[in-house]
Protein chains: 2
Amino acid sequence: MSASAKSQGPKGPGEKGHAAKRQVPTTSPRDRIVEAASDLFYRHGIRAVGVDAIAEAAGTNKMTLYRHFTSKDELVAECLRRHAQEIDHYWDELAANYAGDPEGEIRAWLAAVSHCVTSEGERGCAMANAAVELPEKDHPGRAVIEAAKTGHRERLVELFRDAKLSEPEALADEIFLLIEGARINIQSVGTDGPASRLVRMIEALIESRRPASSHAA
Amino acid sequence: MSASAKSQGPKGPGEKGHAAKRQVPTTSPRDRIVEAASDLFYRHGIRAVGVDAIAEAAGTNKMTLYRHFTSKDELVAECLRRHAQEIDHYWDELAANYAGDPEGEIRAWLAAVSHCVTSEGERGCAMANAAVELPEKDHPGRAVIEAAKTGHRERLVELFRDAKLSEPEALADEIFLLIEGARINIQSVGTDGPASRLVRMIEALIESRRPASSHAA
DNA sequence: GAGCGTAGTGACCGGTCAGTAACAAGTCAA
DNA sequence: TTGACTTGTTACTGACCGGTCACTACGCTC
């Protein structure tokens with residue numbers, strides 16, 4: 001293929017050259033491997049990144065990688081698992097920060113959604129991208145992907161139900177697909193395409209499902 | 001990686017064993033290569049398929065492949081180009097078959113959309129999938145992908161304008177993103193997820209944009 | 001039937017892939 | 001200080017990657 005992900009980035013995190021041979025890294029090799037792999041996978045694609053490049057980016061070596069993960073596929077699955085945890089954590093925090101204020105919760109969530117389809121370096125949803133690259137039904141990552149997507153949809157249902165919007169399930173499905181579409185589409189035409197209208201679309205949809213008795217704040 | 005796409009399918013098309021050494025294939029090697037490559041790329045992913053497997057599936061050999069294409073990347077681009085042509089052809093035929101009947105045109109188009117998110121073996125939009133797998137900005141296929149996506153969106157605008165729906169551009173953007181989302185999402189959770197509501201969502205959106213004076217047929 | 005273009009064959013190139021073996025060196029607790 | 005455990009290092013395997021080689025076989029046209 002034209003470009004691989006070989007040997008980019010000098011060393012692992014917490015290094016600055018070759019003066020000090022290898023000052024103690026603050027995180028464990030395992031964590032660094034998962035972190036480096038997640039970053040490379042996201043930027044270049046899973047199949048485009050070799051384990052050597054991952055080990056190097058993590059400031060360690062292939063042998064240590066294989067002491068922690070039985071295979072590259074298992075490492076991929078672990079990256080997805082950790083990513084799913086981070087997403088879960090985001091939702092938990094959101095709910096905690098806006099307990100009793102569903103309107104504020106929706107506003108904060110919308111800001112995050114906007115970030116996902118406008119920021120520099122965004123390359124869509126890592127889960128969805130992985131699903132494209134890993135069609136094998138028995139890949140250990142597929143279960144993680146499916147669970148994450150189902151979970152995301154359920155979080156939306158919950159959010160809209162808390163906000164007392166009508167037909168929260170249908171609304172969640174629609175908004176969920178819009179987000180999925182926007183995040184995949186920016187990879188084809190960039191952030192100035194139809195995805196640039198995403199937030200306004202969602203706002204309009206939400207507005208149309210508001211109970212008749214209330215108005216926007 | 002766990003599974004590659006090596007040596008599946010017996011020989012190329014138009015062969016049935018080794019009795020007749022190689023009866024004349026009905027199509028040119030070039031066409032067979034593009035066809036085989038497109039199929040393998042779609043089913044297994046672009047990076048998961050090697051040129052050997054493509055040549056074998058096309059009933060030819062690697063040397064002939066490289067006589068017709070300067071590189072695998074160029075072959076990928078040609079596959080995308082041909083796919084884009086087929087899509088264009090579909091839209092031209094649709095417009096021709098329903099000239100003066102925009103309502104019928106929309107119905108026929110919706111049937112095709114439904115097919116894309118329910119059929120066995122569907123793995124989303126080949127263009128979008130390619131965009132995920134080919135993040136390199138200078139890949140020869142990227143221009144094809146971008147043009148195809150922009151073109152699709154414009155076809156929708158045209159379709160809705162012909163049907164005299166209000167705000168055809170905003171409507172097209174919304175429906176376009178819904179379709180993109182549905183097609184990517186079935187790769188994560190299958191056809192029974194939110195994508196199963198896609199057609200009804202689109203129908204409702206279209207209904208809401210109908211001019212007040214007319215009703216559905 | 002000579003000449004030419006296209007296609008087929010199989011060996012081969014350097015490089016990279018995922019994954020392993022063997023051993024040295026570091027860390028840390030008892 | 002010992003000993004167990006975790007890391008680092010180097011070299012390696014065998015398979016596969018994209019891509020090229022020289023050479024052969026066919027079909028067409030003049």
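The values are calculated or read from the model by the stated rules, or taken from the named source; none is laboratory data. Bear in mind the structure is a predicted one, so any value in this text is a computation, not a measurement. FYI the Cβ positions are ideal-geometry reconstructions off the backbone, even for glycines, and counts take in every protein chain you see.
For the range B:162-189, taking the residues that are over 19 Å from A:ARG153 (Cα atoms) and acidic (Asp, Glu), the one that is farthest from the other protein chains (Cβ to nearest Cβ) is identified as B:ASP162. Looking at the structure I just gave you, is B:ARG210 at pLDDT below 95 and either within 30 Å of A:VAL157 (Cβ to Cβ) or surrounded by 14 or more Cβ atoms within 10 Å (Cβ to Cβ) (or both)? The answer is yes for B:ARG210. I need a count of the residues in the range A:71-99 that are surrounded by 16 or more Cβ atoms within 10 Å (Cβ to Cβ), out of contact with any helix residue (DSSP H, G or I) (no Cβ under 8 Å at 6 or more places or on another chain) and at pLDDT 95 or above. Looking only at that region, the number is 0. Out of curiosity, is A:THR70 within 16 Å of DNA strand C (Cβ to nearest atom) and outside any helix (DSSP H, G or I)? Criteria met by A:THR70.
Mind checking which helices (runs of 4 or more DSSP H) fall wholly inside the range A:120-217 and carry at least 1 residues that are more than 27 Å from B:GLU167 (Cα to Cα) and assigned by TED's automatic domain parsing to the domain that holds A:ASP92?
Numbers: elements: A:126-133, A:142-162, A:168-189, A:198-208.
Hits in the range A:120-217: A:126-133, A:142-162.
Residues that are away from DNA strand D (no atom under 16 Å from the Cβ) and within 14 Å of chain A (Cβ to nearest Cβ) were ranked within the range B:50-107; the one that is nearest to B:LEU40 (Cα to Cα) is B:HIS83. When you scan the range B:140-157, do you find a residue that is at the interface with chain A (Cβ under 10 Å from one of its Cβ atoms) and farther than 19 Å from A:GLY193 by Cα, even just one? Checked against the condition, which is being at the interface with chain A (Cβ under 10 Å from one of its Cβ atoms) and farther than 19 Å from A:GLY193 by Cα, the range B:140-157 yields at least one hit.
Figure legend. Inter-residue proximity from the range A:63-85: first residues free of Cβ contacts under 8 Å to residues at least 40 places away in the same chain and in the same structural domain as A:LEU40 (by TED's automatic domain parsing), second residues within 15 Å of DNA strand D (Cβ to nearest atom) and among the small types (Gly, Ala, Ser), beta-carbon distance below 6 Å, spacing 6+ or different chains. Indicated pairs: A:LEU65/A:ALA55.
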